[in-house]
Amino acid sequence: MKKDRISLWLYILFLMAAFGLPFFSFDGYSIEKNTTSHLGAQGSPHSWLMNAIFVFLGARAIWIAFRSGIPYHQIIGGGFGISLILTGLFQHAPLAGNVPADLLEDRIHSIFASMTGFSFTLLAAGHGFMSRGPQRAGGFALALVAVSISLSMAAFPSIMGLLQRIMFICAFGWLFFYLKPPTTNEQEKVL
């Protein structure tokens with residue numbers, strides 16, 4: 001039960017930051033257009049808060065992955081969590097005012113943000129392959145959602161912030177509250 005409370009509080013904290021912090025961010029920030037990485041960008045007001053939430057979400061993902069006892073989940077889920085933590089530690093280029101940009105930090109942020117999405121997709125798809133029933137359907141559905149939303153963000157940049165929030169809501173909802181690692185017996189039946 002304690003696990004559920006921690007996950008629930010982190011999920012609520014993410015939702016509050018993703019939808020509330022834009023009102024306290026830089027002028028012109030748009031929930032529809034700007035991503036959560038923009039909330040944590042170099043020079044953005046209160047960027048530390050969004051970046052800290054990325055770190056906490058990543059740490060929780062690692063905890064869930066390692067507690068699964070499934071090597072695939074531990075490796076891929078651990079990679080997901082580590083890349084999310086590093087996404088929070090290395091900030092996006094500034095979008096606010098005349099803040100000097102650290103372009104190397106921005107490139108590193110971009111690499112880890114891409115790794116976060118890729119590793120999550122692998123985690124969800126792999127979970128689908130090794131699970132049965134609703135867990136299988138949920139894993140495949142989340143992998144499809146992650147790919148579809150990523151492609152949609154590239155195709156429709158005017159709503160990429162909204163699309164990213166939908167993806168995060170789905171991804172962390174699945175990881176924190178729905179994911180149930182398959183037992184060894186279930187894995188053998190699938191194989």
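Taking each residue as 0.36 nm, the span from Ser158 to Phe19 lengthens on full extension beyond its C-alpha to C-alpha distance by 48.3 nm. Give me the extension gain from Ala59 to His46: residue separation times 0.36 nm, minus the current Cα-Cα distance, reported in nm with one decimal. That pair, Ala59 and His46, stretches by 2.6 nm at full extension.
What FRET efficiency comes out for the pair Arg5/Leu144, r = Cβ-Cβ distance, R0 = 22 Å, nearest 0.05?
Computed FRET efficiency for Arg5 and Leu144: 0.15.
What the phi angles of region 116-131 give under the Karplus curve with 6.51, -1.76 and 1.60, with θ = phi - 60°, is a coupling list of 4, x, 5, 5, 5, 4, 5, 4, 5, 5, x, 4, x, 5, 9, 10 Hz, glycine and proline written as x.
If you place +1 on the Cβ of every Lys and Arg and -1 on the Cβ of every Asp and Glu, how big does the dipole about the Cα centre of region 1-156 come out, in debye to the nearest 20?
With Lys and Arg at +1 and Asp and Glu at -1, about 740 debye.
Only protein atoms count toward the accessible area here, which uses a 1.4 Å probe; on region 121-162, the carbon and sulfur part of that area reaches 80 percent.
Of the labelled figures (1) 17.2, 56; (2) 16.8, 59; (3) 18.9, 77, only one reflects Rg and Dmax of the Cα atoms in Å as derived from the coordinates, namely (2).
Estimated from helical segments only, the mean residue ellipticity of the chain at 222 nm is -22000 deg cm²/dmol, where each DSSP H run of four or more residues counts as -39500 (n - 2.57). In the chain, the longest principal axis of the Cα atoms and the axis of helix 160-173 are about 30 degrees apart.
Here the Karplus curve 6.51 cos²θ - 1.76 cosθ + 1.60, taken at θ = phi - 60°, turns the phi angles of region 71-78 into couplings of x, 4, 5, 5, 6, 6, x, x Hz, with x standing for Gly and Pro.
Determine the equivalent ellipsoid of region 46-142 by diagonalising the alpha-carbon gyration tensor, then write out the semi-axes as square roots of 5 times the eigenvalues, largest first, rounded to whole Å.
They are 31, 13, 11 Å, listed largest first.
At a 1.4 Å probe radius, carbon and sulfur cover how many percent of the accessible area of region 1-93?
71 percent
Per residue, the chain exposes 52 Å² of solvent-accessible protein surface, assessed with a 1.4 angstrom probe and all protein chains in place. Extension gain for the segment Arg67 to Thr183, taken as residue separation times 0.36 nm less the Cα-Cα distance, is 40.5 nm to one decimal.
The values are calculated or read from the model by the stated rules, or taken from the named source; none is laboratory data. Please read these numbers as outputs of a predicted model, since none were measured by experiment. Note that we place each Cβ from the backbone using ideal geometry, even for glycine, and neighbour counts take in every protein chain shown. Keep in mind that these areas ignore ligands, DNA and RNA; they rest on the heavy atoms of the full protein, side chains included. Shrake-Rupley method; radii C 1.70, N 1.55, O 1.52, S 1.80 Å.
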